[in-house]
Amino acid sequence: MGKAIISNNIRRLRFFASEMTQQDLADKTGVSRQTIVAIENGKYFPTLELAFRIALVFQVPLNEVFSFELAPEMEKKSREK
């Protein structure tokens, strides 16, 4: 299977959560601030457990924190099958 695009809304969610800092989120989820930075910047994808913990902190469904899309060329191939 080809490339997928995974994005997140963590920065926006932090802003709307009384401008929560990256360190606050890190403390609440049990990871380092650097891990939160890497996730926000799309350089690291969290484990499923961490993704759920982040969603729980913001009290939103997982799909409001993370989104998954197939790259355009993969969508076309999927429809052709």
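The values are calculated or read from the model by the stated rules, or taken from the named source; none is laboratory data. Keep in mind that this is a model prediction, so the values were computed, not measured. Cβ atoms come from the backbone with ideal geometry, glycine included; neighbour counts cover every protein chain shown. We work out accessible area using only protein heavy atoms, side chains counted, and drop any ligands, DNA or RNA first. Shrake-Rupley method; radii C 1.70, N 1.55, O 1.52, S 1.80 Å.
Across region 64-70, computed HN-Hα scalar couplings (Karplus, 6.51 cos²θ - 1.76 cosθ + 1.60, θ = phi - 60°) run 8, 9, 10, 10, 10, 9, 7 Hz from first to last residue, x flagging Gly and Pro.
In this structure, the amide hydrogen of Leu70, modeled 1.01 Å from its nitrogen in the peptide plane, lies closer than 5 angstrom to those of Ile5, counting only residues at least 5 positions away or on a different chain. Region 3-17 and region 43-67 have their alpha-carbon centroids 9 Å apart.
Rounded to the nearest whole Hz, the Karplus-based 3J(HN,Hα) values (6.51 cos²θ - 1.76 cosθ + 1.60, θ = phi - 60°) of region 27-36 follow the sequence 4, 6, 9, x, 10, 7, 4, 4, 5, 5, with x at glycine and proline. Scanning residues 5 or more positions from Tyr44 or on other chains, those with amide H under 5 Å from its amide H are Ile39, with H placed 1.01 Å from N in the peptide plane.
Under a model in which nothing but the beta-carbon of Lys, Arg (+1) and Asp, Glu (-1) is charged, the chain shows a dipole of about 200 debye around its Cα centre.
Taken one residue at a time, the phi angles of region 19-25 give Karplus couplings (6.51, -1.76, 1.60, θ = phi - 60°) of 6, 4, 7, 4, 5, 4, 5 Hz. Gly and Pro are set to x. When the solvent-accessible area of the chain is split by element, carbon and sulfur atoms take up 54 percent of it, the probe being 1.4 Å.
Taking only alpha carbon atoms, the chain gives an Rg to Rh ratio of 1.06, where Rh is the Kirkwood radius.
Under the rule of -39500 (n - 2.57) per DSSP H run of 4 or more residues, summed and divided by the residues of the chain, what mean residue ellipticity at 222 nm is obtained, to the nearest 500 deg cm²/dmol?
Working: 6 runs with 47 residues, N = 81.
Using -39500 (n - 2.57) per qualifying helix, the result is -15500 deg cm²/dmol.
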